[in-house]
Amino acid sequence: MKNLKNLLFLFFISPLFLFAQNRQIKFSHLQTDAGLSQSNVLCILQDSRGFMWFGTRDGLNKYDGYKFTVYRNDPKNKNSISNNYIRSLKETGNGDLWIATAGGGLNYFDRSKNRFTVFKHDSKSASSITSNFITAIEEDRDGNLWIGTESAGLNFLAKGSTTFTHLKHEKNNPNSLSDDFIKTIYRDHENNLWIGTLHGGLNKFNPENKKFKIYQHDDNSPASLSFNDVYKVFEDSQHRLWIGTNGGGLDLFDAKSESFTHFKSAEKNNDALSGDYI
């Protein structure tokens, strides 16, 4: 009877193994000949309506499953997108679409009117955005926007407002932003904002007390951040924080001990990370 049960078990699970072994993943290619504005895709977003958005170095693309609609800057149209180099896309909880550009500032896309509202740096206005080179956009739980820039710090835009508040590195303030070149912004399940910087490591911003806590690499501390160039932050389903660095591999953050576990590439080890640039 025991042997019969084993045979029956093998009979039922064998198709699963065969399926796993024979499964082939096929890719469909959406290239410029299909209407994509450029093949260098820098960011991707699926919005709440099911549309796919692709940001490239030459325009913003909307894909409905059949065709592309391309949005490019038109110098004669002030309601067109301000720049064709798209770095980041964000849809807020109420369905608004925000676009970060490299050189054209921040764009808001009004879907009902099919036009863009542009927010650019104005040296004569203390309340304008600090730079036209936008790197990242994130929304907090209250619907406010946090905008990262290239070498000009972090900008806060309250929901419904057009006035920007600026947060920058202050040399003599340990609770300020560690570096003004922002690479990524991520909001965790507790509404903390995690800001990855080009050279200043990882910043944790608490919206309640408006202070930054900084995590940086320390040669004398093996459990410190592996590298100070932080390009990506992600929280998994177990609320663990993963940090991708530009040369130091992948880090897993332990919130209780505030320590980092490192995953790096290693020669002749097929089970190690394939590369240290995440």
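Assorted remarks:
- For beta carbons closer than 6 Å, sequence separation of 6+ or different chains, a first residue in the range 80-98 that is among the aliphatic types (A, V, I, L, M) and a second that is not in a strand (DSSP E or B), the qualifying pairs are ILE81/ASN73.
- Counted residues, the range 176-233 - those being of a type in the set (Lys, Arg) and over 19 Å from the mean Cα position of the chain (by Cα): 3
- Restricting the range 28-79 to residues that are among the charged types (D, E, K, R) and open to solvent by less than 70 Å² (accessible area, probe 1.4 Å) leaves a set whose member that is farthest from the chain's Cα centre (by Cα) is ASP74.
- THR245 open to solvent by 70 Å² or more (accessible area, probe 1.4 Å), within 22 Å of the chain's Cα centre (by Cα) and without any contact (Cβ under 8 Å) to a residue 40 or more places away in the chain: no
- The residue pairs whose first member lies in the range 37-56 and is on the phi > 0 side of the Ramachandran plot, whose second member is open to solvent by 60 Å² or more (accessible area, probe 1.4 Å) and not charged (D, E, K, R), and whose beta carbons are closer than 7 Å, counting only pairs six or more residues apart or on different chains, do not exist in this structure.
- Scanning the range 106-124 turns up at least one residue that is surrounded by 20 or more Cβ atoms within 10 Å (Cβ to Cβ), within 24 Å of TYR231 (Cα to Cα) and within 22 Å of the chain's Cα centre (by Cα).
- From THR135, THR101, THR117, residue being more than 20 Å from GLU150 (Cβ to Cβ), in a strand (DSSP E or B), touching a strand residue (DSSP E or B) at 6+ places or on another chain (Cβ under 8 Å) and not acidic (Asp, Glu): THR117
- Single residue of LEU252, LEU273, LEU225, LEU198 found to be buried (at least 20 other Cβ atoms within 10 Å of the Cβ) and either on the phi < 0 side of the Ramachandran plot or touching a Gly at 6+ places or on another chain (Cβ under 7 Å) (or both): LEU225
- Condition check for ALA152: small (Gly, Ala, Ser) and not in a loop (DSSP other than H, G, I, E, B): no
- Within the range 113-170, the residues that satisfy the criterion of being basic (Lys, Arg) and either touching a residue at least 12 places away in the same chain (Cβ under 8 Å) or within 25 Å of LEU60 (Cα to Cα) (or both) are LYS113, ARG115, LYS120, ARG141, LYS159, LYS168.
- Search result, residues across the range 174-190 that are over 18 Å from LYS120 (Cβ atoms), at pLDDT 95 or above and out of contact with any His (no Cβ under 8 Å at 6 or more places or on another chain): LYS183, THR184, ILE185, TYR186, ARG187
The values are calculated or read from the model by the stated rules, or taken from the named source; none is laboratory data. Computed from a predicted structure; not experimentally measured. When we count neighbours, we look across all protein chains shown, and the Cβ atoms used for this are built from the backbone with ideal geometry, even at glycine. Protein only, heavy atoms only, side chains kept; ligands, DNA and RNA dropped before computing areas. Shrake-Rupley method; radii C 1.70, N 1.55, O 1.52, S 1.80 Å.
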